[in-house]
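Taking it in order: structure first as structure tokens, then the write-up.
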Amino acid sequence: MSTILPGKKRIDSIDILRGIIMIIMALDHVRDFFHNDAMLHDPTNPGTTTPVLFFTRFITHYCAPVFVLLAGTSAFLYGSKKTKKELAYFLLTRGLWLMVLEITIFNLLFSFDPLYHFIGLQVIWVTGVSMLLLAAIQYLPLRWIFILGLVIVCGHNMLDTFNENSMGTPPNIWWSLLHQSSFRPLGSGRFFAVLYPLMPWPGIMMLGYAMGSLFVQEYDAKMRRRTLVMTGAAAILVFVLLRWINVYGDLVPWSEQKNTTATIISFFNVTKYPPSLLYCCITIGPALIVLALLEKIKAGWTDIVVIYGRVPMFYYLLHFFLIHLLCVIAFFATGHNLSQAAGGMMLFRPSDFGFSLPVVYLIWMGVVAILYPLCKRYSIYRATHTNWWLPYL
């Protein structure tokens, strides 16, 4: 049963920023499935990449941290209309739901393998676990939530010294879940990968939760924008200074390369798995400035982008299915046969398959365009109904 409402009040700047990163995120996944070099070389390796390919990968670095940051902000705004107990229940149930979704639905959409030979824990997983932790942490005073989040984000790179350095031996599973990515064979052609260790994602969500206090109705809008810009600029400054010093803040130091372009790539090639302090600074910092600027922007493109930001989980599900479906179509259209479908983490995506980067960009724009009418229709439904399941999708 549902109740029909005239509309729900939302904060457009948050939805627009979320929409931007959801659109950019699709570029990374289209590249994974369609770029002819995606299974052969690391797009961030200064020795083998190109400036355009590096930018294509680097720009998508913004997606996961901003998504988790805004999930924390949304949790605060949701909780501002609820009791602490009601918020805790929502975060617990939604966190568990996201963890189940990651293991069952998203792994299936990623691999198209109903036998689940490959299971990976990615961003939806750590978002769910972070929500479980936030369900308890939200009882703390807001100042302490902010401090705890800051300590986790700034301090987790101290754990780098405990990482397992042996290439042949994956780290202990509990350490892998906490701080070091791993790829583990399970026998019989099965694999389990922790692609997103837990740290520092709960810290990012806590900072987003604390940021939610800037968006309550009583808070002065001019002061909010100033705070966002100053905080974003400070994060960028921390990135430049710490990266230049090259002592702390990232697992892999930058180094002088064969030419200036490659050296610049090395400087900006920060660690994503797990996201280093410098990775967080150079992604979240600019995002905060953009978030402040978006409050003053009203244009035709924002009316389009905001739709994707209002239905992020719905979009996430559909875009993975559509990208992989298009990959299957292209697989057979380029002369491949069913015997070549297996052999990697994603069925119908052999390592010798793919297209040039301009074609990847065209496919990406097509995917985003195809999904727009579906997302718009669901956005309208979501804004005018109160079904119990709507906050979970």
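The values are calculated or read from the model by the stated rules, or taken from the named source; none is laboratory data. Computed from a predicted structure; not experimentally measured. Backbone-built Cβ (ideal geometry, glycine too); neighbour counts: all protein chains shown.
Odds and ends about this structure:
Residues are listed down the side, and each one gets a yes or a no for (1) assigned to a loop (DSSP other than H, G, I, E, B); (2) free of Cβ contacts under 8 Å to residues at least 24 places away in the same chain; (3) surrounded by 18 or more Cβ atoms within 10 Å (Cβ to Cβ):
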position	(1), (2), (3)
Met313	no, no, no
Tyr316	no, no, yes
His319	no, no, yes
Leu325	no, yes, no
Ile329	no, yes, no
Phe332	no, yes, no
Gly335	yes, yes, no
Ser339	no, yes, no
Leu347	yes, no, yes
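- The helices (runs of 4 or more DSSP H) found wholly in the range 33-152 and carrying at least 2 residues that are polar (S, T, N, Q) and closer than 25 Å to Gly344 by Cα occupy 107-111.
- Flag if Pro373 is within 24 Å of the chain's Cα centre (by Cα) and more than 28 Å from Tyr116 (Cβ to Cβ): yes
- Number of residues in the range 354-375 that are assigned to a loop (DSSP other than H, G, I, E, B) and either surrounded by 15 or more Cβ atoms within 10 Å (Cβ to Cβ) or acidic (Asp, Glu) (or both): the value is 1.
- Check on Ile11, farther than 30 Å from Leu347 by Cα, of a type in the set (A, V, I, L, M, F, W, C), in contact with a Phe, Trp or Tyr (Cβ under 9 Å, 6 or more places away or on another chain) and surrounded by fewer than 22 Cβ atoms within 10 Å (Cβ to Cβ): yes
One line per residue, one yes/no per condition, for (1) surrounded by 18 or more Cβ atoms within 10 Å (Cβ to Cβ); (2) out of contact with any helix residue (DSSP H, G or I) (no Cβ under 9 Å at 6 or more places or on another chain):
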| residue | (1), (2) |
| --- | --- |
| Glu102 | yes, no |
| Ser111 | yes, no |
| His117 | no, no |
| Leu134 | yes, no |
| Asp160 | no, yes |
| Asn165 | no, yes |
| Ile173 | no, yes |
| Gln180 | yes, no |
| Gly203 | yes, no |
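- Once the range 258-278 is narrowed to residues that are in contact with a helix residue (DSSP H, G or I) (Cβ under 7 Å, 6 or more places away or on another chain) and part of a helix (DSSP H, G or I), the residue that is nearest to Leu198 (Cα to Cα) is Leu277.
- Lone unmet requirement of (1) in a helix (DSSP H, G or I); (2) free of Cβ contacts under 8 Å to residues at least 40 places away in the same chain for Val252: (1)
- Taken over the range 153-198, residues that are at pLDDT below 90, of a type in the set (A, V, I, L, M, F, W, C) and part of a loop (DSSP other than H, G, I, E, B) amount to 1.
- Ala262 vs. criteria under 19 Å from Leu17 (Cβ atoms) and of a type in the set (Gly, Ala, Ser): no
- Test for Tyr381: is it of a type in the set (Ser, Thr, Tyr) and touching a residue at least 12 places away in the same chain (Cβ under 8 Å): no
- Asp15 vs. criteria among the acidic types (Asp, Glu), in contact (Cβ under 8 Å) with a residue 40 or more places away in the chain and assigned to a loop (DSSP other than H, G, I, E, B): no
- Screening the candidates Phe76, Phe33 for the property of being buried (at least 22 other Cβ atoms within 10 Å of the Cβ), within 30 Å of Gln257 (Cβ to Cβ) and either among the acidic types (Asp, Glu) or more than 15 Å from the chain's Cα centre (by Cα) (or both) yields one hit, Phe33.
- Qualifying residue in the range 180-190 (condition: out of contact with any Phe, Trp or Tyr (no Cβ under 9 Å at 6 or more places or on another chain) and farther than 30 Å from Leu318 by Cα): yes
- Subset of the range 173-197 [within 18 Å of Met158 (Cα to Cα) and not hydroxyl-bearing (Ser, Thr, Tyr)]: Trp174, Trp175, Leu177, Leu178, His179, Gln180, Pro197
- Here Asn387 meets the list (1) closer than 30 Å to Thr227 by Cβ; (2) not in a helix (DSSP H, G or I) almost entirely, failing just condition (1).
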